[in-house]
Every structure is written in C-alpha cells, then in structure tokens.
Amino acid sequence: MNFDVITYNIIKLFFLCVGLIPRKMTIVLSGFIGQLWFIIDRKHREITIDNMTRAFGREKNQSEIHDLARKVFSNICLIIFEMGWFVRLNKKEIVKKIKIEGLSNLRAAYEKGKGVLIVTAHLGNWEVGTAALSKTGYPGSIIGRPMDFKPFDKFVSEARKRFEVELIPSVGSMRKVLNNLGQGRIVVVLLDQNVDWYNGVFVDFFGRPACTNKGLALLARKTGAPVVPVFMVRDRSLFRGEIGKEIPLVKTADKIKDIEINTQNYNDIIETYVRRYPEQWFWVHQRWKTRPYQPWPKEQ
C-alpha cells in the first residue's frame with residue numbers, strides 16, 4: 001500500500017469520525033477553532049482584514065471588520081465539520097437538508113434547450129452544491145481545478161460523485177463543456193477566484209480591479225446558453241440554494257467588449273450575494289492578487 005492510499009484512508013477515517021459529532025457541538029467547536037486559527041495564522045488574518053477593509057472600509061469600523069473576519073474563519077472551520085456529516089449521511093438524508101428557492105428560474109433557462117451555465121462562488125458551503133444540483137433533477141457537471149494534494153482531491157471527488165455530478169478539470173475544459181451543453185446539461189462555474197492576466201479580464205469587484213476568468217463569458221457568447229446565478233448559503237441547520245433569474249447576455253459585434261461587460265455583470269451578482277452574506281465568503285483568498293497593467297482609478 002503506497003503513501004497516497006494510506007493518506008487517503010486516514011483522511012476518510014478522520015471525516016467519518018468528525019461526522020459523528022452532533023450538529024450543535026460542531027457550531028461551538030468551529031467557533032472556538034476559528035478564533036484560535038484567526039489568532040495564530042497571521043498571514044491569512046491580514047489578507048482577510050485587508051480585503052474586508054478595502055471592501056467595507058466606508059461602511060464598517062475596524063472593530064466591526066475584525067468581528068466579521070473572525071466569523072469568516074469560523075465559517076471555514078464549520079465547512080470541515082459539515083464535510084464529515086456529508087460523508088456519513090446517505091444521498092436521501094443530505095438532500096432533505098437542502099432547500100431550493102427559485103427553481104422556476106432554472107427551469108425557464110433549461111427549457112431553452114441550450115444547456116445552462118451556472119455562475120456561483122465560494123459562498124456558504126459550496127461543496128453542498130453538488131447535492132443541491134442533484135435535487136433539482138437536472139443532469140449537471142462542475143468545472144474545477146484538481147487539488148495539489150492528491151489524496152484529499154480523491155476524497156473530495158468521490159464525495160461529489162455520489163450525486164452523479166460529473167467533474168470537469170479546468171485545464172483544457174472548453175471542448176468538454178461544449179459537449180455537455182450540447183447534450184443539454186448544466187455546467188457549474190465558480191467565478192470568484194483570482195486568475196493570471198492572460199486567463200482573464202479586469203472588472204470591478206468591490207471597487208477594485210479583479211482579474212476574473214473570461215471563460216464563462218466566452219462560453220455564453222459562443223453557445224447562447226443562458227447563465228443563471230446560484231448560491232449555496234447556510235441557513236441555521238439547513239442549506240439554502242438561491243437560484244436567481246437568468247443574467248441577460250450582451251452580444252454585439254465587439255467580442256472583447258462583450259466579454260468585459262458580461263464578466264462585469266457576473267461579478268456584480270457575486271458581489272451582491274457576498275454583501276448579503278459577508279461572513280460566509282472565502283475572504284482568505286487573495287482575490288485581487290493580479291494587478292492590471294493599465295491605469296485604474298485610484299482607491300479613495
């Protein structure tokens with residue numbers, strides 16, 4: 001038995017054990033561990049506070065921002081406990097914990113017969129999104145970058161596959177995605193992470209230039225597949241999938257401008273939800289790491 005297999009089994013055993021902890025206790029534990037993590041991990045604490053200060057500096061004072069940042073760390077810890085619960089319960093039990101709102105929006109988009117592109121973000125517990133997609137009854141796939149740590153990547157991939165959701169590696173995904181859309185499937189795209197300048201376009205996100213993957217805008221323009229926003233948020237003991245209305249596609253003779261405008265529209269939707277549930281977004285990520293080469297309006 002090689003190292004990866006042994007490590008995978010240890011990871012699986014760990015989450016099976018974590019899944020035995022009662023729900024109320026996991027909330028207390030995640031709060032405690034999150035506070036400890038916030039104190040010890042200077043790097044991610046500073047990234048989170050800096051991101052939040054730039055986003056909410058005009059709306060919240062430093063004390064409020066620090067309190068919100070602590071909640072972010074606790075939220076991430078709670079996701080780990082929920083993954084244990086996710087592994088232990090069967091498909092039917094998990095789906096019962098998910099409430100779907102706005103299903104008519106997804107149905108209307110699907111009935112256009114071009115497949116559906118879902119834009120979402122690392123909000124709430126995004127790993128529950130595979131179960132939510134399964135609950136809608138529509139066939140779906142999710143685009144994602146394989147994790148560098150192979151044993152954990154295998155663990156997460158197997159957890160997702162329980163819900164018959166196909167995983168599409170982000171590198172070289174275009175042809176696979178086009179085939180999926182052609183078959184009338186739903187394809188999920190997480191659009192809230194930083195990318196290198198050659199993979200994205202700079203659009204406004206919380207008043208700052210954020211390099212955002214242009215793939216979703218390219219796909220929507222090429223295929224005409226409707227883009228629908230869907231976000232998984234935590235609501236006490238339940239998870240709520242909020243499905244918004246289709247985001248209108250801007251398509252003119254200027255392809256480059258269209259990509260910029262549509263990507264901006266997708267980012268605007270994500271920002272709206274992050275503002276609504278700020279403690280549930282992944283603020284520890286360096287969302288604004290890539291800087292634009294051309295001048296951008298100075299931050300006030």
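The values are calculated or read from the model by the stated rules, or taken from the named source; none is laboratory data. Nothing here was measured: the structure is a model prediction, and the numbers come from that model. All Cβ positions, even for glycine, are placed from backbone atoms using ideal geometry, and neighbour counts span all protein chains on display.
Observations
- Scan of region 199-224 for residues that are closer than 16 Å to Thr120 by Cβ and in a helix (DSSP H, G or I), ordered by number: Gly215, Leu216, Ala217, Leu219, Ala220
- Looking only at region 154-175, and only at residues there that are part of a helix (DSSP H, G or I) and touching a residue at least 24 places away in the same chain (Cβ under 8 Å), the one that is nearest to His285 (Cα to Cα): Val156
- When the residues of region 224-239 are filtered to those that are hydrophobic (A, V, I, L, M, F, W, C) and buried (at least 16 other Cβ atoms within 10 Å of the Cβ), the one that is farthest from the chain's Cα centre (by Cα) is Ala225.
- Restricting region 120-142 to residues that are outside any loop (DSSP other than H, G, I, E, B) and under 15 Å from Val228 (Cβ atoms), the residue that is modelled with the highest pLDDT: Thr120
- Condition broken by Ile186, with the remaining ones in (1) within 18 Å of the chain's Cα centre (by Cα); (2) buried (at least 16 other Cβ atoms within 10 Å of the Cβ); (3) under 22 Å from Glu82 (Cα atoms) satisfied: (3)
To keep it simple, each residue is scored yes or no on (1) surrounded by fewer than 17 Cβ atoms within 10 Å (Cβ to Cβ); (2) part of a strand (DSSP E or B); (3) in contact with a strand residue (DSSP E or B) (Cβ under 7 Å, 6 or more places away or on another chain).
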site	(1), (2), (3)
Asn51	no, no, no
Asn75	no, no, no
Ala109	no, no, yes
Ile118	no, yes, yes
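- One residue from Asp4, Asp67 being part of a helix (DSSP H, G or I), among the charged types (D, E, K, R) and touching a residue at least 40 places away in the same chain (Cβ under 8 Å): Asp4
Each row is one residue, and each column tells you yes or no for (1) crowded, with 21+ Cβ neighbours inside 10 Å; (2) farther than 20 Å from Tyr110 by Cβ; (3) within 14 Å of the chain's Cα centre (by Cα).
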{"position": "Lys176", "(1), (2), (3)": "no, no, no"}
{"position": "Asn179", "(1), (2), (3)": "no, no, no"}
{"position": "Gly182", "(1), (2), (3)": "no, no, no"}
{"position": "Lys222", "(1), (2), (3)": "no, no, no"}
{"position": "Lys257", "(1), (2), (3)": "no, yes, no"}
{"position": "Gln264", "(1), (2), (3)": "no, yes, no"}
{"position": "His285", "(1), (2), (3)": "no, yes, yes"}
